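The structure appears below as structure tokens.
The values are calculated or read from the model by the stated rules, or taken from the named source; none is laboratory data. Not measured: the values here are computed from a predicted model. Counting neighbours? That spans all protein chains shown, and the Cβs are built from the backbone with ideal geometry, glycine included. These area figures cover heavy atoms from the full protein model, side chains too; ligands, DNA and RNA do not enter into them. Shrake-Rupley method; radii C 1.70, N 1.55, O 1.52, S 1.80 Å.
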Amino acid sequence: MIRRALLKAVAVPGYQVPFASREMPMPYGWGTGGVQVTAACLCPEDVLKVIDQGADDTTNAVSIRRFFERTAGVAVTERTDAATVIQTRHRIPETPLAEGQILVYQVPIPEPLRFLEPRETETRRMHALEDYGLMHVRLYEDIARHGTIATSYAYPVKVEGRYVMDPSPIPKFDNPKLSDCPALQLFGAGREQRIYALPPFTRVVSLDFEDHPFDPSKADHPCALCGAEDSYLDEVITDDAGGRMFVCSDTDYCAGRRAAGHQGALAAPFEEAGT
Amino acid sequence: MTAPERAFEEGAGVSDRPLLQVRGLAKTYGARIGCADVSFDLWPGEVMGIVGESGSGKSTLLNCLAGHLAPDRGEVIFDTRGHGPRDTVTMPEPERRMLSRTDWAFVHQNPRDGLRMGVSAGGNVGERLMAVGARHYGDIRATALDWMGRVEIEAARIDDRPSAFSGGMQQRLQIARNLVTGPRLVFMDEPTGGLDVSVQARLLDLLRGLVRRMGLSAIVVTHDLAVVRLLADRLMVMKSGHVVEQGLTDQVLDDPQHGYTQLLVSSVLQV
């Protein structure tokens, strides 16, 4: 049943397919939609990677990975390039995805128009009629109030010139990676009971104004551990005196770079840190 | 000068066929009659008033004309820009929505129904522009400022939300929001209801100016005879869902023929 919804979602890129979400052995908001989509995609020979805000070692990621290791008997990995199925919350891995991989997103609120139009009947009609003026009103309000488009995550996108889609709360830094991605991208919202998808090599455009173009911003620092200039960074407060460091949010990418000998300003030598 | 004004001054807005033709329109709510057997023509640049007591079917009729309600019988033929006269009742929903975003405007009695209260005044005015494809922030904002000036709202309040506006200002903002795409037909449902008399007078003055300057056609539903006397060229009197009398405004008001119209006209307090 979920596979049928997935097929429909792939056939109509960006369209939210309703499905009968099941009870999962975890609370809503912890990835019930992602878990169902992952479970529907896994084959015995798959290799699974689970990340939460880019990290492989947070509670949610570890629990979901162990859950599938025990119940589905699949191999697991922390390496992006070794995985065939990647379940993610709020990030797209820095390592470019390849053909044959599946990226499964956990989605809290799939409806991009939700906070502008509370009625589900009306938002569905707006999608059906491509009545998307309201989406730009939201961006207009951002500029009017903050001088620039201040939406920094869950930044609305238009899929193949048709459906406006919520890319789940990924930072807008990741938005360009949605477009023309060789991997299949699936989105599952458990509580809201919606599945949507981006087939490989789908054109995805972030909404903007001509005089305020889309800007995939990030913190203006290199990673303190691996020195990467091109990855999305987390800010970590290190003391009570205003000390802070910026580190890659993608732990696998960061570790891979350090193993390759790259070093940031605050990094211990890699061999030392490993022991 | 905007395109519709220019068109009007050059006389291009004057056409040899009616803008809106209504034929045998009827809407029932179960056994009760909403409105029945309504037929009329509305010509370009003409303002028509619909008066009648509460429950006489005025608002039902207006909503049927504007596509908010589906009538049970009858035709509403609108002279579209691109494709000539089209029946808006049988027209596909996307086309009807496009009409209601471009060529039509609907001014609600309560501005809260017609405005987005959580969105700034500028965003409210800009919404229709963005809905028809405007994607330049600076241009949208400039148009919004221009329109706020035309309806006499200070430019400094462009980023305030309508909830911070007075009732009269909200109503004027609603009018600006509706007229910004240069519509040809405006539906107004009691535009001055709920406003005090001095604000009403100012709003009517503004409306009359805009309607005349832009060469708009309008259908104004009201129970206030003073409003139709000022705004409307022609008048239709409704009772129990039926049109009981129609004609030129002054003719109907000064020489009412039907018993109900006589009652209506004599009910107005002379101060």
request  = Check segment A:104-113 and report whether any residue there is out of contact with any Gly (no Cβ under 8 Å at 6 or more places or on another chain), open to solvent by 10 Å² or more (accessible area, probe 1.4 Å) and over 20 Å from A:A9 (Cβ atoms).
outcome  = no
message = If a residue must be within 11 Å of another protein chain (Cβ to nearest Cβ), in contact with a helix residue (DSSP H, G or I) (Cβ under 6 Å, 6 or more places away or on another chain) and touching a residue at least 24 places away in the same chain (Cβ under 8 Å), how many such residues does segment A:141-157 contain?
response = 2
request  = Could you please find all residues in segment A:12-42 being in a loop (DSSP other than H, G, I, E, B) and over 18 Å from the mean Cα position of the chain (by Cα)?
outcome  = A:V12, A:F19, A:A20, A:S21, A:R22, A:E23, A:M24, A:P25, A:M26, A:P27, A:L42
Top-ranked residue in segment A:114-128 [being loosely packed, with under 15 Cβ neighbours inside 10 Å and part of a loop (DSSP other than H, G, I, E, B); ranked as modelled with the highest pLDDT] = A:R119
request  = Would you check if B:E95 is closer than 26 Å to B:M214 by Cα, crowded, with 21+ Cβ neighbours inside 10 Å and within 14 Å of chain A (Cβ to nearest Cβ)?
outcome  = no
message = Would you confirm whether or not segment B:124-134 contains a residue that is surrounded by 16 or more Cβ atoms within 10 Å (Cβ to Cβ), more than 20 Å from the chain's Cα centre (by Cα), at the interface with chain A (Cβ under 9 Å from one of its Cβ atoms) and over 14 Å from B:V180 (Cα atoms)?
response = no
inquiry  = Checking B:E152 against (1) in contact (Cβ under 8 Å) with a residue 40 or more places away in the chain; (2) crowded, with 16+ Cβ neighbours inside 10 Å, only one condition comes out false. Which one?
reply    = (2)
ask   = Which one of these is in contact (Cβ under 8 Å) with a residue 24 or more places away in the chain and either touching a Pro at 6+ places or on another chain (Cβ under 6 Å) or within 14 Å of chain A (Cβ to nearest Cβ) (or both): B:D103, B:D139?
value = B:D103
key: Identity of the residue in segment B:37-48, in a strand (DSSP E or B) and farther than 24 Å from B:D224 by Cβ, that ends up most open to solvent (accessible area, probe 1.4 Å)   = B:D37
